[in-house]
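Just so you know, all these numbers are worked out from the coordinates, no wet-lab data involved. What you see is a predicted model; the values in this text were computed from it and never measured. Neighbour counts run over all protein chains shown; Cβ positions are idealised from the backbone, glycine included.
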Amino acid sequence: MSLKFEILPASSPTPEQERAARLADPGFGRIFTDHMAVVRYDKAKGWHGARVEARANFALDPATAVLHYAQEIFEGLKAYQRDDGGVNLFRPDANAARFQNSAERMAMAPLPEPVFIDAVEQLVRTDRAWIPGGDGSLYLRPFMIANEVFLGVKPSAEYIFAVIASPVGSYFKGGPAPVSIWVSENYTRAAIGGTGAVKCGGNYAASLRAQAEAIEHGCDQVVFLDAVERRYIEELGGMNVFFVFEDGSLVTPPLGTILPGITRDSIIALARDAGTPVREEPYSIEQWRADATSGRLKEAFACGTAAVISPIGKVCAASGDFLISGGAAGPVAMGLRKQLIDIQYGRAADPHDWIRKVF
Ligand code: PLP
Ligand code: COI
């Protein structure tokens, strides 16, 4: 199924000079482009009203379902400016598929994948002037909210799907400098049968107390342990994690209760292309500490769309802190980061057909 998007340009777009000033140092997620894509759903009409229009507030009745029961899902992907002036999207089909999966888990109306991709593309076309040059990118945030006005607890009969766009630099202030992470021993993120494997806003709301604890301990990010044995590393608040061993092999926690990251999947593919063994298997916090101390573990890194690949330099826990490779960025993380970024910006061959050219 596809829909024709009506393009309604903003009547007072941001003046060019002001846009250039905002693009000079975008940071992450605080500045936004002039437009948004919106598609609505109700039971009678199905998906309808597809348009790109001026970015504006939504009028929501105070009894709108999402405000009470958090029936909400989202995605995150980026558009990259190529050296030849064209624009790449990275694996938007994978985001569209994951969005469908999230919708299904949250009992929401599944958005047809072609509509998801078209909404993203149409917004990128309309707001093309907002894509930062250099190593910046345009972060795209598709999301869907339940907007039936009803206080009964049941799946909403109406939804709004929208895409907004934010020019971004690095997610972490230090760019690719090693980050420190706090092991959450008081809070878990996801249990078997829960929503850990989908991208719903509630997962992030539930992670904020643990993330605040990380900040209180001087760390950048929280890392969660499994909810059953409270030992196995799951993932960070907003990133997956990899471990690099002295024999060159990689380990990453298995899918199940973690978000199936598109960056994670891409790293596994790139590593395997290069003949590097990758194991998706449980890895405990005790083993991590022992391997970092003995030197068997050479590197650890976090990965995600926003963070790309960020080396982990230090792990902090109530039971004591430890460093990974002396706290420095390692060659495997930095090598994979460059390889991935080069594909995303169209500077390297794309053997897996991950790039979708918008221009
Ligand atoms: N895990 C969580 C909890 C996330 O929020 C993200 C970010 O989207 C990831 C992992 C990485 O996923 P992806 O590589 O698809 O961005
Ligand atoms: C992303 O990487 O796209 C995310 O959604 C993570 C979030 C912490 C910004």
Mind checking the alpha-carbon convex hull of the stretch 189-265 and giving the volume per residue in Å³? 110
Of the listed peptides 181-188, 300-307, 53-60, what is their order by residue-averaged count of other C-beta atoms within 10 Å, with the highest listed first? 300-307, 181-188, 53-60
Going 7 Å from the Cα of E229 in the Cα-to-Cβ direction, what parts of the stretch 298-341 have a backbone nitrogen less than 16 Å from that spot? none
Please compute the Kirkwood hydrodynamic radius of the stretch 127-270 from all pairs of different C-alpha atoms, in Å with one decimal. 17.7
Can you tell me, using C-alpha contacts under 8 Å and at least 6 residues apart, the relative contact order of the chain as a whole percent? 18
Quick one: Debye curve from the C-alpha atoms of the stretch 108-160, no solvent, what's log10 I(q)/I(0) at q = 0.14, 0.17 Å⁻¹? -0.54, -0.69
Where does each of 65-78, 195-208 land if you order them by average Cβ count within 10 Å, highest first? 65-78, 195-208
For the stretch 46-111, alpha-carbon Rg and Dmax in angstrom: 15.7, 49
Mind checking the full-extension length gain between A59 and D342? Use 0.36 nm per residue of separation minus the Cα-Cα distance, one decimal, nm. 97.8 nm
For the stretch 241-304, what is the charge dipole size about the Cα centre, in debye to the nearest 20, if Lys and Arg each add +1 at the Cβ and Asp and Glu each add -1 at the Cβ? 60
Length-normalised contact order of the stretch 6-168, Cα under 8 Å, at least 6 apart, in percent, tallies to 33
I need two numbers for the chain: Rg to one decimal and Dmax as a whole number, Cα atoms only, in Å. 20.7, 63
Is the shape of the stretch 215-333 rounded, prolate or oblate, going by the alpha carbon gyration tensor and its root eigenvalues a ≥ b ≥ c, with a/c under 1.5 for rounded and a/b larger than b/c for prolate? rounded
Distance in nm between D350 and K4 label points, each 7 Å along Cα→Cβ, equals 2.8
State which entries of K4/K43; K314/K357; K4/K173; K199/K357; K45/K199; K154/K357 exceed 31 angstrom in Cα-Cα distance in the structure shown. K314/K357; K4/K173; K154/K357
Can you give me the distance in nm between label points at V278 and I215, each placed 7 Å from the Cα along the Cα-to-Cβ direction? 3.2
If packing is taken as the average count of other Cβ atoms within 10 Å, what order do 248-254, 26-32 fall into, highest mean first? 248-254, 26-32
Among the DSSP beta bridges whose two residues both lie in the chain, what percent are antiparallel, rounded to the nearest 5? 80
Describe numerically, in nm with one decimal, the distance between label points set 7 Å from Cα along Cα→Cβ at S11 and at H48. 2.5
If r is the Cβ-Cβ distance from F245 to H68 and R0 is 41 Å, what FRET efficiency results, to the nearest 0.05? 0.30
